[in-house]
1. For Ile75, state whether it is more than 18 Å from Leu427 (Cα to Cα) and in contact with a Pro (Cβ under 9 Å, 6 or more places away or on another chain).
2. What pairs can you find where one residue is in region 439-465 and in a helix (DSSP H, G or I), the other is at pLDDT 85 or above and basic (Lys, Arg), and their Cβ atoms are less than 8 Å apart, with a gap of 6+ or different chains?
3. In region 45-60, is there at least one residue being touching a Gly at 6+ places or on another chain (Cβ under 6 Å), charged (D, E, K, R) and modelled with pLDDT under 85?
4. Taking the stated definitions as given, is Ala319 surrounded by fewer than 19 Cβ atoms within 10 Å (Cβ to Cβ) and part of a helix (DSSP H, G or I)?
5. Got a sec? Which of Gly429, Gly442 is in contact with a helix residue (DSSP H, G or I) (Cβ under 8 Å, 6 or more places away or on another chain), open to solvent by less than 70 Å² (accessible area, probe 1.4 Å), modelled with pLDDT of 85 or more and closer than 30 Å to Leu490 by Cα?
6. Within region 497-504, does at least one residue satisfy the condition of being outside any helix (DSSP H, G or I) and either open to solvent by 10 Å² or more (accessible area, probe 1.4 Å) or closer than 30 Å to Glu222 by Cα (or both)?
7. If we keep just the residues of region 326-345 that are open to solvent by less than 70 Å² (accessible area, probe 1.4 Å), among the hydrophobic types (A, V, I, L, M, F, W, C) and out of contact with any Phe, Trp or Tyr (no Cβ under 8 Å at 6 or more places or on another chain), which is nearest to Ser161 (Cα to Cα)?
8. Under 26 Å from Ile128 (Cα atoms), open to solvent by 10 Å² or more (accessible area, probe 1.4 Å) and at pLDDT below 85: does that describe Glu222?
Amino acid sequence: MAALGALVKKVWSIRSFLVLLCSPLVLLPILFSLPPKEGKCLYVILLMAFYWCTEALPLSVTALLPIILFPFLGILPASKVCPQYFLDTNFLFLSGLIMAAAIEEWNLHRRIALRILMFVGVQPARLILGMMLTTSFLSMWLSNTASTAMMLPIATAILKSLFGEREASSKENEENQASMQHNKLHTVSTEMQLLASVDENDLTEKKDVTLDVSSDLRVEEEYKTNIWKGFLISIPYSASIGGTATLTGTAPNLLLLGQLKSFFPECDVVNFGSWFVFAFPLMVLFLLFGWLWISFLYGGITLRRTKKSEIRADAEAKARSVIKDEYQKLGPIKFAEQAVFVFFCLFAILLFSRDPKFITGWASLFTTGFVSDAVTGVTIVTILFFFPSERPSLKWWFDLKAPNTENKPLLSWRKAEESVPWNIILLLGGGFAMAKGCEESGLSIWIGGRLDPLENLPPPVAVILITVVIALFTEFASNTATIIIFLPVLAELAIHLKVHPLYLMIPGTVGCSFAFMLPVSTPPNSIAFASGHLMVKDMAKTGLLMNLMGVLLLSLAINTWAKSIFQLGTFPAWANVHLENTTTSLLQDVQNITLNSLSKS
């Protein structure tokens with residue numbers, strides 16, 4: 001096995017090297033088939049897309065390529081490329097990550113998770129609901145991967161208390177089956193063997209009892225396996241759904257915000273509050289339907305009324321005990337936990353109420369355009385670095401003999417440095433740099449001129465098609481890379497169809513999170529699959545309907561309450577400005593081509 005693993009690594013490294021070497025050569029014809037600047041920009045974008053999809057380079061390293069290629073190819077100067085890597089959108093994301101680090105530092109997320117599980121109950125369907133609610137709530141503020149990694153050990157502990165250790169029992173069953181098959185006998189469980197050894201009289205009656213018990217045990221074993229799968233598969237799915245509810249929940253949401261500011265500088269309709277009002281009801285609906293589907297598919301909910309067995313009742317009592325024990329291990333709530341919870345609530349409330357659009361926000365007290373979501377987020381998380389983690393004593397100030405001991409803050413910079421995934425911030429910056437390159441080079445205008453066949457497409461149909469295509473694409477590629485590639489195209493398509501740009505860009509952004517069918521689709525899927533209890537066919541079977549539900553619910557949301565929140569029924573003035581600029585640029589291109597042809601003749 002070790003030799004096979006080494007061979008696979010060698011083959012993979014050779015493949016990566018060939019991809020790195022050959023991709024720039026294969027894409028060279030693009031440089032000469034388009035106008036100079038547009039061709040160069042498209043060359044860079046396709047090269048980055050190819051590297052992102054094949055992962056020949058780390059995703060964050062690929063995101064740095066605009067810093068190298070845009071200046072060398074004459075697309076953008078470095079002075080315009082480099083600032084894209086630290087826009088205010090990146091600082092909003094950074095503030096969310098730092099707040100998440102403080103929550104993890106004091107185990108507040110674990111206390112919240114266990115408290116919700118104690119509230120919902122321990123029946124399998126209720127526990128699956130509790131897992132999904134908890135994971136989605138945490139994923140709104142933490143990363144999807146961190147939420148999944150935190151919830152899986154809790155789920156495993158509860159499942160072990162319900163059904164025992166699955167791996168050990170599976171090995172025992174395999175050994176028993178092998179020995180029985182060797183002796184040409186049927187597999188008999190331990191309980192059956194005990195029953196069989198009671199008495200040698202009444203053989204016929206004993207056989208009847210054995211067959212009944214065997215059937216019951218087989219049904220019970222199948223039930224346990226299905227519930228186990230349902231638990232594990234619900235966690236990554238709810239993490240992906242929960243991440244869509246806030247702007248800081250997942251990287252594609254922030255990329256939408258950043259690229260909107262790049263393509264449409266006058267657009268100010270998307271912020272933390274307006275996004276939450278749109279996305280939170282969608283998340284709740286999707287969680288509800290997803291929970292019903294997973295519970296029905298894996299036996300948590302049945303249409304038949306069956307009496308609960310004593311084994312299941314005993315297992316549920318054990319699970320309840322495990323959750324209480326885990327909660328008690330946390331001990332009484334500390335001052336630091338209370339402080340972090342207060343700052344977390346303040347963080348969410350201030351972001352939501354800054355400028356929610358449907359009412360006047362507190363940002364109106366300041367000069368227009370000066371206070372953004374990034375300012376709000378960074379202000380709150382900065383306090384975490386000096387606020388004391390222990391209750392301050394007033395006596396210390398008046399007692400001159402009191403020891404001058406250092407008080408630990410709620411969050412140290414070392415902890416923040418270790419917890420923040422800096423690679424994601426670089427990935428966001430790469431997306432913003434790519435969007436800036438498309439805008440400055442005229443590539444977005446060139447793409448818009450090639451979308452004529454889609455002019456007659458009804459906008460609601462366009463929404464469904466876009467969501468389906470992106471949801472399928474993101475099954476095989478990073479959702480961040482996917483939205484970086486598609487957003488410029490969607491912006492130009494919206495201008496071409498004369499519909500509100502957000503009418504197409506929001507479904508594309510949210511659809512990137514609907515990656516449920518494969519273990520490789522998202523890191524949360526991979527983490528759950530690595531537990532060893534799920535098969536690819538389990539994810540494909542469950543994820544197919546989840547994807548379909550996501551597409552339909554997103555289409556419902558964008559055509560109902562999103563229209564009133566973002567005014568999607570109108571073509572906004574800030575999009576008109578972009579359209580006028582596009583028309584002017586096209587006229588200039590036509591004039592240049594005409595002048596060049598006249599000078600040559």
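The values are calculated or read from the model by the stated rules, or taken from the named source; none is laboratory data. The structure displayed is predicted, hence computed values, not measured ones. So basically every Cβ, Gly included, is an ideal-geometry build from the backbone, and we count neighbours across all protein chains shown. Side chains are part of the model used for accessible areas, which takes the heavy atoms of the whole protein and leaves out ligands, DNA and RNA. Shrake-Rupley method; radii C 1.70, N 1.55, O 1.52, S 1.80 Å.
1. In short, yes.
2. Glu440/Lys80; Ser441/Lys40
3. no
4. No.
5. Testing whether each residue is in contact with a helix residue (DSSP H, G or I) (Cβ under 8 Å, 6 or more places away or on another chain), open to solvent by less than 70 Å² (accessible area, probe 1.4 Å), modelled with pLDDT of 85 or more and closer than 30 Å to Leu490 by Cα leaves just Gly429.
6. yes
7. That would be Leu330.
8. When the stated conditions are applied, Glu222 passes them.
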